[in-house]
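**Q** Quick one: structure below, then a few questions.
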Amino acid sequence: MAYILETHDLTKRYGQKEAAKNVNLHVEEGKIYGLIGRNGAGKTTIMRMISGLSTPTGGSYSLFGKSGMGMKRMLKYVGVLIEHPGLYPRLSAYDNLKIKCVALGIRKKGYVEELLQLVGLENVDKKKGAGSFSLGMRQRLGIALALVGDPKLIILDEPINGLDPQGIVEVRETLARLRDERGISIMISSHILDELAKVADSYGIIHEGTLLDEFSAEELHKRSGRYMLIRTDNTAETLRVLEMIGVRNAQAQHDGSIRVDQYLDQTAAISRAIVQSGIGLNEIFLNSLSLEDYYLGMTGGEHNG
Ligand SMILES: Nc1ncnc2c1ncn2[C@@H]1O[C@H](COP(=O)(O)OP(=O)(O)OP(=O)(O)O)[C@@H](O)[C@H]1O
Ligand SMILES: [Mg+2]
């Protein structure tokens, strides 16, 4: 497996507090990696370290298969958007990008126009200052700025935070386009889990500085698949009936409902069997477990994002 980014027990300590603890994460080349965690989980801390903006207090990481000094040279292939993009509010999107190009010594003709197109800002009034952009437009300009210099990996800290649904869709489409048309690898953090579920190829769950789990979209799909939920006035008797008609692995939940993971197309037959046994059937329906549910189940407690 070719990892474009890998961390090895990456740790950051602020005084007594370990904001990142022995983090081992793996970003595949040409894929979108979603780093998921609540406020204060350690997302920004990790992203700052792997962008070269802060120094780990423990562990290390490798970029493009290189570690140590070799890795440091690779940082020029990493584009970063952490927290708010530093925009010049009076300048247009074009001029904001042009300034960064000049700073990096990029003089290619049509380069800025191409970046604007890549993030869907090509039709914005050329005189409009970035200060009057919508939040979504500003985030996309921030992504364009991270793309100056043709990075192979971009690190985006919460680029969809605070966006309206339309803005979220636009950023999501932009990211998919960068991956599919440019082969750019992307690491994106968020606490809006279900939005990330529509764009990421794999996920890392960070909680109180620790990477709790890492899994692919495919694994997530398996873990969070559809299931049948049955609520009756007699859970024990219902489980007996289910077993009798050949439905195995039916599980009683803590609230007395029953979860079934097979025969999902047989709700009619199953409800008939339950009713014919004289049990009061309150509900039977198909449910699906979202990434949000999965994550909450794992970290416990309320989602505070
Ligand atoms: N410079 C710093 N000095 C001391 N503590 C810090 C510093 N930066 C971050 N922390 C602490 O480290 C922990 C992780 O913070 P971090 O900003 O990485 O979380 P986050 O997941 O990005 O949260 P958010 O969703 O709010 O952006 C927090 O408890 C934070 O208070
Ligand atoms: Mg943060």
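What follows is calculated from the coordinates using simple rules that are stated; it is not laboratory data. Quick caveat: nothing in here was measured; it's all calculated off a predicted structure. Counting neighbours? That spans all protein chains shown, and the Cβs are built from the backbone with ideal geometry, glycine included.
**Q** Note down, for the chain, the three equivalent ellipsoid semi-axes (square root of 5 times each alpha carbon gyration tensor eigenvalue), biggest first, whole angstrom.
**A** For the chain, the semi-axes come out at 45, 23, 16 Å.
**Q** Something else now. Within region 69-100, whose backbone N sits under 15 Å from a point 7 Å along Cα→Cβ of LYS126?
**A** Of the residues in region 69-100, 92-98 have backbone N under 15 Å from the label point off LYS126.
**Q** Take the Cα radius of gyration of region 153-286 and divide it by 2.2 N^0.38 Å, with N its residue count; two decimals is plenty.
**A** Working it through for region 153-286, the quotient is 1.48.
**Q** What Kirkwood hydrodynamic radius, in Å, does region 1-153 give when the mean of 1/r is taken over all pairs of distinct Cα atoms and then inverted?
**A** It is 17.0 Å.
**Q** Evaluate region 43-83: find the radius of gyration of its Cα atoms, find its Kirkwood radius, and give the ratio Rg to Rh.
**A** When Rh is taken as the Kirkwood radius, the ratio is 0.94.
**Q** Taking 0.36 nm per residue of sequence separation and subtracting the Cα-Cα distance, how much length would be gained by fully extending the chain between ASP255 and LYS72, in nm to one decimal? All intermediate terms of the calculation are to be shown ahead of the outcome.
**A** Details: separation 183, 0.36 × 183 = 65.88 nm, distance 5.32 nm.
Answer, rounded to one decimal: 60.6 nm.
**Q** Provide the FRET efficiency to the nearest 0.05 for the HIS26-GLU114 pair, computing r from the beta carbons and using R0 = 30 Å. Numbers along the way, then the final one.
**A** Numbers: r = 31 Å, r/R0 = 1.03.
In this case the efficiency is close to 0.45.
**Q** Once fully extended, how much extra length lies between TYR88 and ARG272, figured as 0.36 nm per residue of separation less the alpha-carbon to alpha-carbon distance?
**A** 59.6 nm
**Q** Considering only DSSP states other than H, G, I, E and B, which trypsin sites (Lys or Arg not before Pro) in region 1-105 qualify as loop sites with at most 14 other Cβ atoms within 10 Å? Can you show the working numbers first?
**A** Values: sites: LYS12, ARG13, LYS17, LYS21, LYS31, ARG38, LYS43, ARG48, LYS66, LYS72, ARG73, LYS76, ARG90, LYS98, LYS100; in loops: LYS31, ARG38, ARG90.
Taking region 1-105 and a limit of 14 other Cβ atoms within 10 Å, the loop trypsin sites (Lys or Arg not before Pro) found are ARG90.
**Q** A follow-up question, please. Using only alpha carbon pairs under 8 Å that are at least six residues apart, calculate the relative contact order of the chain and give it in whole percent.
**A** After rounding, I find 20 percent.
**Q** Students often get this wrong: which residues of region 36-57 have the backbone nitrogen under 17 Å from the point 7 angstrom along Cα-to-C-beta of ALA103?
**A** Under 17 Å, as judged by backbone N against the label point of ALA103, lie 51-54 of region 36-57.
**Q** Okay, helix-only estimate at 222 nm for the chain: each DSSP H run of n ≥ 4 adds -39500 (n - 2.57), divide by all residues, round to 500 deg cm²/dmol; what do you get?
**A** -10000 deg cm²/dmol
**Q** Within 10 Å of each candidate Cβ there may be at most 13 other Cβ atoms; applying that plus a DSSP loop requirement, which trypsin sites (Lys or Arg not before Pro) in region 144-191 survive?
**A** Sparse-neighbourhood loop trypsin sites (Lys or Arg not before Pro): none present.
**Q** Give the cross-link partners of LYS12 among the lysines, using a straight C-alpha distance below 19 Å as the criterion and excluding same-chain residues fewer than 8 apart.
**A** LYS21, LYS43, LYS72
**Q** Once you place label points 7 Å from the Cα toward the Cβ at PHE285 and ASP164, how far apart are they in nm?
**A** Output for this residue pair reads 3.0 nm.
**Q** For region 119-211, rounded, prolate or oblate, judged on the Cα gyration tensor with a ≥ b ≥ c (square roots of eigenvalues), a/c < 1.5 rounded, else prolate if a/b > b/c?
**A** Verdict is prolate for region 119-211.
**Q** Where does each of TYR61, TYR33, TYR227 land when they are ranked from fewest to most other beta-carbon atoms within 10 angstrom?
**A** If I rank by nearby Cβ atoms, fewest first, I get TYR227, TYR61, TYR33.
**Q** Spin-label point model (7 Å from Cα, Cβ direction): what's the GLU243 to GLN16 distance in nm?
**A** Inter-label distance under the simple model: 5.2 nm.
**Q** I would also like to ask the following. Please tell me the relative contact order of region 151-210 in percent, rounded to the nearest whole number, where contacts are Cα pairs under 8 Å and at least six residues apart.
**A** Averaging sequence separation for qualifying contacts and normalising by length gives 44 percent for region 151-210.
**Q** Still on this structure, please answer the following. Could you put MET47, MET69 in order, starting from the residue whose Cβ has the fewest other Cβ atoms within 10 Å?
**A** Lowest to highest Cβ neighbour count: MET69, MET47.
**Q** Need the list of lysines near LYS128 for cross-linking: C-alpha distance under 24 angstrom, and skip anything on the same chain fewer than eight residues off.
**A** Once the sequence-local lysines are set aside, what remains near LYS128 is LYS98, LYS100, LYS108, LYS109.
**Q** What does region 226-288 give for Rg and for Dmax, in Å, if only its C-alpha atoms count?
**A** 10.1, 28
**Q** On to the next question. Mean separation of Cα pairs under 8 Å and 6+ residues apart, divided by the residue count of region 226-288: what relative contact order is that in percent? Present the calculation step by step, with values, prior to reporting the outcome.
**A** On the way: 102 pairs, mean separation 32.3, N = 63.
Computed value for region 226-288: 51 percent relative contact order.
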